Each structure stands twice: as structure tokens, then as C-alpha cells.
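Asker: Below you'll find the structure I mean.
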Amino acid sequence: MRTFLQIRRAVERAAIDLNASWGKPARQLVRWVVPALLLALLGYSLTRVGWERIFAARPASALFYLVLLLPFFVQPIADLFIYRNLLGTEGALPLTVFLRKRYMNSIMLDYSGEVYFFFWAKKNLDLRKGVLLHAVKDSNVLSASAGLVMVWLMFLVLVAGHFMRIPAFAHGSMWNIFFIGSLPLVLGLGLFAGGRKVTALSRADISATFAIHLLRCILTLALEFWIWRLSGALPTTALCLQFVALRLLVTRLPMVPNKDLIFVGVGIAAAGFMDVSAPRVAAVLVLMTAAGLVEELLLVGLPWFLEQFQARRALDPAAP
């Protein structure tokens, strides 16, 4: 037993030393090098398509550009309703916090926004011990469950509408497809059935939280489908649904930063396989990504920086 404890302590010390030596470089790699490589690959792909052709193929519909701005706000507003309900707060939870939460998840790793929100709420809200941790944890479990349900629902829509052919199911029944598509519900149902044994939330809170997450997913996908239809880049409903499903799959990749950049590259490659206009598809993908980046900068990043700068000057007027 003593030998086992000694080995465990040695492993723990080695892990601590490894993290001290390589932890910061690894974080810098994820934060700067990986996005730089993605941008380089993306720039190469767009250059092959042709920047002039992409610019000439941009959508002409004014409504397209209006709808393009809407998906940015869907998740922060959904989180606002969810956490005001779970934490029992009203005006104490401003929308600004959830815009920053989205911003953190976008520019850094997944769940970095949850970490920011947790510490912000712990500092600024008067909550019972444990309530905040359970609310964040369980909301993310239900969010993941809702996202998986949407993946399978999109799959079912594509197969049932004959927009996608899957050889393994070519001779199967729709009941088998429905059964497989229902499997992601198990996690959410387990949380609901377990009640207080597995979560601090009531069943009413679980139901409401899951419903809001599911509605958020549906609204986001509906807006993205509308964007593709308004763009004119994809000639059929089937192709629009396939690109919406493709983006949904990319967003479900766990712990992967810069998913918007990944989707642009994947979308350009998919345009070649689907025999559609690569410049028109590339123009829409670039505009979708650029719109999100501009909204993040103007609505979140720049105001946040100015707030921190003013707070620093207030504490130390002599600071540069």
C-alpha cells in the first residue's frame, strides 16, 4: 500500500512539473498558433477559388445582410432566460455578461465562457452555496443533450426527405432510424428521472432549461437556413439543409477552438463535392464569419476593453 501511494505521489509530482514546464506553451499554442495555421490554410483555399470571383459572387439581397446579424444574439438571450430562472435573479443578470460569455467561448476554448460567468456570478450575485455550480453544470449537460438531439433530428429530416442517402439504412425501416435518433435523449431523461439524486434542479427547471436550449438550437438552424436561401448560393432546399447540417456537426466538435474558421474550410471543400458554385458559397461563408467577428469586436470586445481601461485609470490615474 505504501509503495502504491509513493508511486501515485511521484506521478502527481511529475504531472505538476510537466504542466509547469509545458502548460503555458501549450496554451499559447492553442491560442495563437492553431488559429494562425487555420487562417493560413483558409487563405490558401480562398486564394485558389479567387478573391475577385468571391467578391463578385457576394449576395445582392439587403435582407440577407439583415438576417446575417441575428444568430449572434440567439445564445446570449437564451442563456439570459435560463440563468435568470435557475438562479432566481432578474435585473442582476445583464445581457452583457452573456455576450461576454459567448465571446470567450468563441475566441478561446469551449467552456472558457462558462468559467468567466461562474466567477463573475460568484463575485456579483448573492447566491446560496452550491446553487451556482449546479446551475452551470446542469445547464451545460442539458445544452449538450439538446444539441445532440438536433443533430439526430437534422439527420432524420435529411433521410426522410430523401435529401441524403445512407447505405446502411437503405433497406431499413423508419422505426429503426427513429429509435437511433432518440438515443441522445437518454442523457436528458436520466437527469430528469434521477431528480434530486443527480441534480440540484427541480424537474420543472430541467424541463424549462432543456426546452429553451432546444428552442435556441431550432431558431439558430432556422436563421442559418434562411441565410442560405436568401444568399442564392445554393439552388435547392436540400442543399441548404445539408449546409446547415454540416455547420451543426462542426459546432458539436468538443473542445475545438475557432470552429467558424473550420466551417469555412469545410464548406468550401463541400461545395466542390456538391457541384455548386464555389465562389458564391465562399462569399457566404466569409460574410457569415466576418459578421460574427465584427459583432464580437464592436459589441463585446471593444466595449469590454474600454471598460477595463477606464477601471484601471480610475484605480491608478498615472497608469499609461
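Asker: Under a crude label model (7 Å from the Cα following the beta-carbon direction), how far is F305 from T237 in nanometres?
Answerer: Once both label points are built, they end up 4.5 nm from each other.
Asker: Turning to a different aspect of this structure: Fewest to most neighbouring Cβ within 10 Å: what's the order for T220, T47, T209?
Answerer: Ascending Cβ contact count within 10 Å gives the list T47, T220, T209.
Asker: Just to be sure I understand the model, the point goes 7 Å from the Cα along the line to the Cβ. What's the resulting L156 to R53 distance in nm?
Answerer: Taking the simple label geometry, L156 and R53 are separated by 4.0 nm.
Asker: Here's another thing I want to ask about it. Got a sec? How would W228, W120 order by Cβ neighbour count within 10 Å, fewest to most?
Answerer: Exposure proxy ranking, most exposed first: W120, W228.
Asker: Which parts of the stretch 78-100 would a label at L127 reach, counting a residue when its backbone N lies under 14 Å from a point 7 Å out along Cα-to-Cβ?
Answerer: 79-90, 92-94, 97-98
Asker: Taking 0.36 nm per residue of sequence separation and subtracting the Cα-Cα distance, how much length would be gained by fully extending the chain between R312 and V67, in nm to one decimal?
Answerer: The span from R312 to V67 would gain 84.5 nm if fully extended.
Asker: Multiply the residue separation of S207 and L253 by 0.36 nm, subtract the distance between their alpha-carbon atoms, and state the gained length in nm to one decimal.
Answerer: Here the answer is 14.1 nm.
Asker: Tell me, what is the FRET efficiency for D275 and L297 to the nearest 0.05, using R0 = 51 angstrom and their Cβ-Cβ distance as r?
Answerer: According to the calculation, E is roughly 0.90.
Asker: Could you order peptides 95-106, 57-68 by the average number of other Cβ atoms within 10 Å of their residues, highest first?
Answerer: Descending mean neighbour count gives 95-106, 57-68.
Values quoted throughout were computed directly from the atomic coordinates according to the rules given, and no laboratory measurement underlies them. Note that the structure is a prediction, hence the values are computed from the model and not measured. Positions of Cβ are backbone-derived with ideal geometry, glycine not excepted, and every protein chain shown enters the neighbour counts.
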